[in-house]
Amino acid sequence: MRTLIRDVNVFDGERAQSAKDVLIDGGVIAEPDGRAVDAVVEGAGKTLLPGLIDAHTHAFDGNLAQALEWGVTTELDMFSLPPNLARQRALAAERDDVADIRSSGTLATAPGGHPSQLMAALGDAAAFGDAAAFGDAVGPFPTVAGAGDAEAFVAQRLADGVDFLKIVIDDGAVHGTKLPALGVEAVAALTDAAHAAGLQVIAHAITAAEVAIALDAGVDGLAHVWTDAGSDTAALARRVAAQGMFVASTLVYFEVISRQGSAAADHAVHGIGDGAAQVARALHEAGVPLLAGTDATPFAPVHGESLHRELELLTLAGLTDEEALAAATSVPARHFGLADRGRIAAGLRADLLLVDGDPMHDITATRAIAAVWRGGIRLDR
């Protein structure tokens, strides 16, 4: 199938391009060649973007379809047990109406550490009537007692076919509890073992002290901004930049948990959310690459829709509209080695989002979805 999108404004993943024609030839983007096409889409007054990439999700049954409805063509899943991950990967490989997925598979955490308490709650939900929603996506999972477990843990993740390794450094303070957490020796051993195996390492660390452990261990990126902004925030952000790390933002996640039980105004971010926003601003000012991520779950934030809110929050944290769009397209593609997507260029996958209006001057226009293509196949919305 050959589709010509005619006279459309383009954000190519890095910069704006004025009205032009874009050809979808089979599953890839191509230069218009004057030959016959099967369909023409009029692009006047619209903007064509690369398909969006959510840099932090948790995909359960139905979530990848939900994401694609909102123009999210790839999700970077940050924790899935092997049976669930195998099912989501099979869906993404066999169907065109769901988002693609990359995953860390089973994350590394201390025995009883985060997110064991959340998995127990999901297991209870499955036992009491929600088994169809969760099924084999919840249950016991291997943990890491110390540095001596690192090589065996990483070897098993390789056997599971993961795309990167996620390590949890979280003592529960932000969640209002106390949890066992991995120390710097265990985190460093896991990081070294993963790097030796060719895996990138992403750390869940949501306080400044936890981020310092991740930095000492030499991880490649952070799965969240941290939340306890203070006088040392700018210095810590500069250290993150100096070590060449990237950070998935997840501001919408912190907004959600900070609003629970409150009647906050729509654009206000209080408590934890306000601290996260301050940290995001400091990271941006320090030159740290920010990747738009949501921490979407089957509950909240919502897959797909929440990434559009994340883009708004990133602009409130100081990014320009174009920088925010790059944070959800070319930037995560570059840092996760997805060389075939995240930009609009000849030869790349035709993962595309067409919207009414101009999100390069009004970021909320990303919500005005006119069409979505995944691998050149237009989604029936």
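The values are calculated or read from the model by the stated rules, or taken from the named source; none is laboratory data. What you see is a predicted model, and the numbers here were worked out from it, not measured in a lab. Please note: Cβ atoms are built from the backbone with ideal geometry, for glycine as well, and neighbour counts cover all protein chains shown.
Annotations for the structure displayed:
- Residue selected from the range 285-323 under the condition of a type in the set (Gly, Ala, Ser) and more than 13 Å from the chain's Cα centre (by Cα), by the criterion surrounded by the fewest Cβ atoms within 10 Å (Cβ to Cβ): Gly287
- Boolean, Ala196 is in the same structural domain as Leu283 (by TED's automatic domain parsing) and either in contact with a strand residue (DSSP E or B) (Cβ under 9 Å, 6 or more places away or on another chain) or surrounded by 17 or more Cβ atoms within 10 Å (Cβ to Cβ) (or both): no
- Scanning the range 18-28 for residues that are surrounded by fewer than 22 Cβ atoms within 10 Å (Cβ to Cβ) and modelled with pLDDT of 95 or more yields Lys20, Asp21, Leu23, Asp25, Gly26, Gly27, Val28.
- For Pro83: the one exception among (1) modelled with pLDDT under 95; (2) in a loop (DSSP other than H, G, I, E, B); (3) not charged (D, E, K, R): (2)
- Checking each residue in the range 12-44 for being among the hydrophobic types (A, V, I, L, M, F, W, C) and either part of a strand (DSSP E or B) or without any contact (Cβ under 8 Å) to a residue 12 or more places away in the chain (or both) picks out Ala16, Ala19, Val22, Leu23, Ile24, Val28, Ile29, Ala30, Ala39, Val40, Val41.
- Condition met for Val41 (among the β-branched types (Val, Ile, Thr) and over 26 Å from Met360 (Cα atoms)): no
- Residues that are in contact with a Gly (Cβ under 9 Å, 6 or more places away or on another chain) and in a strand (DSSP E or B), drawn from the range 165-222: Leu165, Lys166, Val168, Ile169, Val201, Ile202, Ala203
- Evaluated against (1) surrounded by fewer than 20 Cβ atoms within 10 Å (Cβ to Cβ); (2) free of Cβ contacts under 8 Å to residues at least 40 places away in the same chain, Gln88 falls short on exactly one condition, (1).
- Considered as a group, the residues in the range 137-157 that are under 21 Å from the mean Cα position of the chain (by Cα) and assigned to a helix (DSSP H, G or I) include one that is surrounded by the most Cβ atoms within 10 Å (Cβ to Cβ), and that residue is Arg157.
- Failed item, numbered, when Asp351 is tested on (1) assigned by TED's automatic domain parsing to the domain that holds Leu283; (2) crowded, with 24+ Cβ neighbours inside 10 Å: (1)
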